[in-house]
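The values are calculated or read from the model by the stated rules, or taken from the named source; none is laboratory data. Remember, predicted model here, so these are calculated numbers, not experimental data. When we count neighbours, we look across all protein chains shown, and the Cβ atoms used for this are built from the backbone with ideal geometry, even at glycine. Ligands, DNA and RNA are stripped out before the accessible areas are found, and what is left, the full protein with its side chains, is counted by its heavy atoms. Shrake-Rupley method; radii C 1.70, N 1.55, O 1.52, S 1.80 Å.
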Amino acid sequence: MRIILIGANGIIGRAIDHAMSESHDLIRVGRTSGDLHADIAKPENLRVLFENAAPYDAVICAAGEAAFGSLTGLSDKDFQLGLNSKLMGQVNLVRLGLSSMSDGGSFTLTSGVLAHHPIPESASISIVNAGVEAFAKAAALGLPRGIRINVVSPPWVSETLKALGRNPASGLPASVVAKAYVASVEGRMTGEVLDAQAYAGNA
Ligand SMILES: NC(=O)c1ccc[n+]([C@@H]2O[C@H](COP(=O)([O-])OP(=O)(O)OC[C@H]3O[C@@H](n4cnc5c(N)ncnc54)[C@H](OP(=O)(O)O)[C@@H]3O)[C@@H](O)[C@H]2O)c1
């Protein structure tokens, strides 16, 4: 398959790249990294990206920003960041990427554990993650030509915890999280939220 991988240079994106590059043709995308550049928060960037990358069989997004912070500490700008980037960025990937996608193709978006297991600093991120999941479930009901959509919900990733100076053992390695993205692209499911933790036993 010819697959657009957004966030290919990130912690999760690199693991997806490693898991899929032998059997698929990947087009790696980031704002400043990768084969093609686009900021998912900018619809005009996405229009150019899809024009240049077409035709493609799948789009995977392992990217998108949202701000951590206490409820009283989060600013208007902090909330807007998550809404524009991780939420509407991924919604717009589907809206703008649909017409050039092959019949039977798929979108795989990313949410995260904080949608359903919030912490005091996740007010903004929890909205965004839950919104991505709700969008995908609704979009799955209306996608044409056998096109599918799923969301991968990663827990804390070990490599991220390590980079933050926290105990990596309480997270899931990115290589395991990547298995959920492979399952979404290569499987038949649609409208599903894939809890990456469920792939921990499939080493
Ligand atoms: N890591 C975790 O523990 C964890 C847990 C749950 C959910 N998640 C979610 O998983 C996704 C990926 O996380 P990660 O930890 O792998 O991130 P990361 O290491 O920070 O990497 C993010 C990647 O996405 C690209 N990127 C960031 N913003 C972008 C944008 N607006 N448009 C296009 N590309 C963009 C970056 O490349 P450029 O700098 O070149 O743009 C980079 O390659 C995020 O949505 C995150 O919220 C992560």
Notebook entry, point to check: Over the range 99-139, what per residue volume does the convex hull of the Cα atoms give, in whole Å³?
Noted result: 78 Å³
Notebook entry, point to check: What are the lysines whose alpha-carbon lies under 19 Å from the alpha-carbon of Lys77, with same-chain residues fewer than 8 places away excluded?
Noted result: Lys42, Lys86
Check: Taking the Cα atoms of the range 1-40 alone, what are Rg (to one decimal) and Dmax (as a whole number) in Å?
Finding: 9.3, 27
Item checked: In range of the label at Leu161: residues from the range 170-202 whose backbone nitrogen is under 19 Å from the point 7 Å along Cα→Cβ -> 170-180, 195-202
Next item on the list: Quote the convex hull volume per residue of the range 1-95, based on C-alpha atoms, as a whole number of Å³.
Entry: 94 Å³
Check: What is the calculated FRET efficiency for Ala138 to Ser170, with r their C-beta to C-beta distance and R₀ = 35 Å, to the nearest 0.05?
Finding: 0.60
Notebook entry, point to check: Roughly speaking, what is the centre-to-centre gap between the range 25-54 and the range 135-203 when only Cα atoms are used, to the nearest Å?
Noted result: 21 Å
Next item on the list: Label the range 102-203 by shape, choosing from rounded, prolate and oblate, from the square roots a ≥ b ≥ c of the eigenvalues of the Cα gyration tensor; if a/c is under 1.5 it is rounded, and otherwise prolate applies when a/b is larger than b/c, oblate when it is not.
Entry: oblate
Check: Over the chain, what is the mean sequence separation of C-alpha contacts under 8 Å (at least six apart), divided by residue count, expressed as relative contact order in percent?
Finding: 20 percent
Note to self: With every protein chain left in place and a probe of 1.4 Å, what is the accessible surface of Asp195, to the nearest 10 Å²?
What the structure shows: 80 Å²
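Using +1 on the beta carbon of Lys and Arg, -1 on that of Asp and Glu, and nothing else charged, what's the dipole of the range 2-199 about the Cα centre, debye to 20?
Dipole about the Cα centre, nearest 20: 80 debye.
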Margin query: Considering just Cα atoms, how many Å³ per residue does the convex hull of the chain enclose?
Written below: 114 Å³
Check: Which length gain, in nm to one decimal place, applies between Glu186 and Glu121 when the Cα-Cα distance is subtracted from 0.36 nm times their residue separation?
Finding: 19.9 nm
